[in-house]
Amino acid sequence: MFKDKAIKGVFVGMASTSIFIMLLIFVFLFKEAFPFIKHPGLSSLLDMKWVPVSFQQERFGLLPLASGTCLITMLAMLFAVPVSFFSSIYIAEVARPMEREILKPFIELLASIPSVVLGFFGLIVLAPLIKSFFGLQSGLNAISGSILLALMATPTIISVSEDAINSVPSSYKNASLALGASRVQTIFKVVVPAALPGIIAAVMLGAGRVIGETMAVLMVTGNAARITANPLESVRTMTATIAAEMGEVPFGSTHYQALFWVGIVLLVMTFSLNVFSQKILKKYGAFK
Amino acid sequence: MVGQEFSNNRAIEVNSLNFYYGDSQALFDINIAIPRKMVTALIGPSGCGKSTFLRTLNRMNDIIDDVRLDGRIMVDGDDIYDSKMNIVTLRKKVGMVFQKSNPFPKSIFDNVAYGPRIHGTKSNSQLAEIVEKSLERSGLWEEVKDRLDDSALGLSGGQQQRLCIARALAVQPEILLMDEPASALDPRSTTKVEDLIGELKKDYTIIIVTHNMQQAARDSDHTAFFYEGRLVEYDETSNLFTNPKEKQTEDYITGRFG
Ligand SMILES: Nc1ncnc2c1ncn2[C@@H]1O[C@H](COP(=O)(O)OP(=O)(O)O)[C@@H](O)[C@H]1O
Ligand SMILES: [Mg+2]
């Protein structure tokens, strides 16, 4: 009896530790960000410009940063999702064992490339290509950043959705084939629908990685804080802003506090993404 | 072998069939003619090749890697392993019900409508008609007609198996292959499925693998006894059970092994 209780205690302790740490992070963020509420006030976060250092007027609008993050994330997912979707189907359902043995380590390798190295690749190879392809003055823009991020998200999405596809019971496939369905029909009408919750979770995970990524975007997006929907313009993301400015900002200054607000908004964004994907999983996970 | 009385009424004719998984041979020189619109039971101890044989008849072995087959299988006079054979046509004609019920994680309606949709039926009224007919045929209609949109996974084990039978019937097969369809069910559901098989044989040629000797004796017209990949004896069920010609058959049906 005592042993049971002790073990239970350990588990409860572990679980509450992670919740505690999570809370601690929130408390810490708010503590640093708090004075900003009194001066210059929360409404200044809604400014259309982010000009944290200025002799005339400092401006701390988060919108350009948030819109940069959104644009980059959506573009990256636009590239990554179709590629990953079809690759995972190919690897799980179509590829011969030989092909699988080559493809899977290759994808894992892609996942293990440090993002600085990818950023380097983006700077030296990708950006010049984009520049000459679109005839721009600079290749450091949203599209370069999102292609790099797509490269980073793809391995995650592929391997998680491949797992989801593999875990579809073969009895479903057999039933479909025995009814005279072709392999393609079986894949798209039985296997993919059955694996869909897992595939959605994979996409959400990939999106999470894209939103949180710093290094690569810092190196190739051009870092101009502006609101735009044009993939060929430079943008700046929330993570890149924090990474670039945190080192130089005077401790406790308004700018310093504003950066903490950036962090809070980022946290809220990824948190909602998680909650949202949990909701989707709940709704479609078990067929009603 | 069974006499010539149904020679021009054969649904399936198998000649010198050998089947291999890689290097290991699972079926040896099988010759059998299966009569139309009757129930043929396949019996024999576990691992003797009953399922393998059943799957050669709708080419479901094709999806297993590294298998090989020689000999000839004619269904309705067509050589089903001929390169000109359309596998979709074959599997429409030869339906299959599996040992463990395997409804899709879709609604009851969508399960039954799956086959017809795959084969091009688009009209909703037509689909509804097929679904109702098939469910009626499998004795499930009264139980599920008010909840066709509910998940099939919410049905009981016996209902799920009858749903799978309805799903197979919905593509209008001529032949039904059943691999121990009642072996995973409780006794009451088993009775229901067995009664259903008795009903269906009026319209379909049924080949059923069973472990249950009573079921084979009661429900089938002909019985084939397999042992170690060979067809040992094939006869009218009443003959095979009362007057087996082979010693191995006798040992098996009297429960001395297997
Ligand atoms: N997918 C497979 N791969 C390799 N060997 C198999 C496979 N399926 C069945 N076998 C082998 O073939 C033989 C016959 O099996 P099976 O047809 O399942 O027998 P039964 O249905 O009579 O129990 C067994 O020895 C079994 O191990
Ligand atoms: Mg078997």
Considering only residues of segment B:43-53 that are surrounded by fewer than 22 Cβ atoms within 10 Å (Cβ to Cβ) and over 10 Å from B:G229 (Cα atoms), which is farthest from the other protein chains (Cβ to nearest Cβ)? B:P45
Flagged pairs (Cβ under 8 angstrom, 6 or more apart or on separate chains; first in segment A:187-211, farther than 28 Å from A:V265 by Cβ; second β-branched (V, I, T) and outside any helix (DSSP H, G or I)) are A:V190/A:V168; A:V191/A:V168; A:A194/A:V168; A:A195/A:V168
For the list (1) farther than 18 Å from A:R209 by Cβ; (2) modelled with pLDDT under 95, I need the number of the one condition that A:M152 fails. (1)
Sole miss for A:V168 among (1) more than 30 Å from B:K100 (Cα to Cα); (2) within 14 Å of chain B (Cβ to nearest Cβ); (3) not in a helix (DSSP H, G or I) is condition (1)
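Residues checked against (1) touching a Leu at 6+ places or on another chain (Cβ under 7 Å); (2) within 16 Å of ligand 2 (Cβ to nearest atom); (3) in contact (Cβ under 8 Å) with a residue 40 or more places away in the chain; (4) not β-branched (V, I, T):
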{"position": "B:L148", "(1), (2), (3), (4)": "no, no, yes, yes"}
{"position": "B:L153", "(1), (2), (3), (4)": "no, no, yes, yes"}
{"position": "B:L163", "(1), (2), (3), (4)": "yes, no, yes, yes"}
{"position": "B:M178", "(1), (2), (3), (4)": "no, yes, yes, yes"}
{"position": "B:S189", "(1), (2), (3), (4)": "no, no, no, yes"}
{"position": "B:E194", "(1), (2), (3), (4)": "no, no, no, yes"}
{"position": "B:T237", "(1), (2), (3), (4)": "no, no, yes, no"}
Segment B:20-31, residues that are assigned to a strand (DSSP E or B) and either in contact (Cβ under 8 Å) with a residue 60 or more places away in the chain or near ligand 1 (Cβ under 8 Å from one of its atoms) (or both): B:Y21, B:S24, B:Q25, B:A26, B:L27, B:F28, B:D29, B:I30, B:N31
Count - residues of segment A:181-202 that are more than 23 Å from the chain's Cα centre (by Cα) and open to solvent by 20 Å² or more (accessible area, probe 1.4 Å): 8
Just to be sure I understand, how many residues within segment A:138-180 are open to solvent by 10 Å² or more (accessible area, probe 1.4 Å) and among the polar types (S, T, N, Q)? 9
For segment B:32-50, what are the residues that are near ligand 1 (Cβ under 7 Å from one of its atoms) and in a loop (DSSP other than H, G, I, E, B)? B:G44, B:S46, B:G47, B:C48, B:G49
Return yes or no: is A:P193 over 30 Å from A:R59 (Cα atoms), within 14 Å of another protein chain (Cβ to nearest Cβ), at pLDDT below 90 and part of a helix (DSSP H, G or I)? no
Here is a list: B:R10, B:R59, B:R72. Which entry is touching a helix residue (DSSP H, G or I) at 6+ places or on another chain (Cβ under 9 Å), away from ligand 1 (no atom under 12 Å from the Cβ) and not polar (S, T, N, Q)? B:R59
Considering only residues of segment B:92-109 that are more than 16 Å from ligand 2 (Cβ to nearest atom) and touching a helix residue (DSSP H, G or I) at 6+ places or on another chain (Cβ under 6 Å), which is nearest to B:S51 (Cα to Cα)? B:G95
How do the helices (runs of 4 or more DSSP H) wholly within segment A:2-118 filter down when requiring 3 or more residues that are under 28 Å from the mean Cα position of the chain (by Cα): which remain? A:2-33, A:63-89, A:97-112
Residue within segment A:56-63 that is closer than 27 Å to A:F188 by Cα and touching a Ser or Thr at 6+ places or on another chain (Cβ under 6 Å) present: no
Lone unmet requirement of (1) away from every other protein chain (no Cβ under 14 Å); (2) buried (at least 19 other Cβ atoms within 10 Å of the Cβ) for A:G135: (2)
Within segment B:54-73, work out how many residues are open to solvent by 50 Å² or more (accessible area, probe 1.4 Å) and not in a loop (DSSP other than H, G, I, E, B). 6
With the condition kept exactly as written, say whether any residue in segment B:115-124 is more than 20 Å from A:N174 (Cβ to Cβ), within 16 Å of ligand 2 (Cβ to nearest atom), of a type outside the set (K, R) and in a loop (DSSP other than H, G, I, E, B). no
Kindly provide the set of residues from segment B:76-118 that are in contact (Cβ under 8 Å) with a residue 60 or more places away in the chain and within 14 Å of chain A (Cβ to nearest Cβ), ordered by number. B:K92, B:K93, B:V94, B:G95, B:M96, B:V97, B:F98, B:Q99, B:K100, B:S101, B:N102, B:P103
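The values are calculated or read from the model by the stated rules, or taken from the named source; none is laboratory data. Keep in mind that what you see is a predicted model, and the values were worked out from it rather than measured. As a convention, Cβ positions derive from the backbone with ideal geometry for all residues, glycine included, and neighbour counts pool all protein chains shown. Quick note on the areas: whole protein, heavy atoms, side chains included, nothing else; ligands and nucleic acids left out. Shrake-Rupley method; radii C 1.70, N 1.55, O 1.52, S 1.80 Å.
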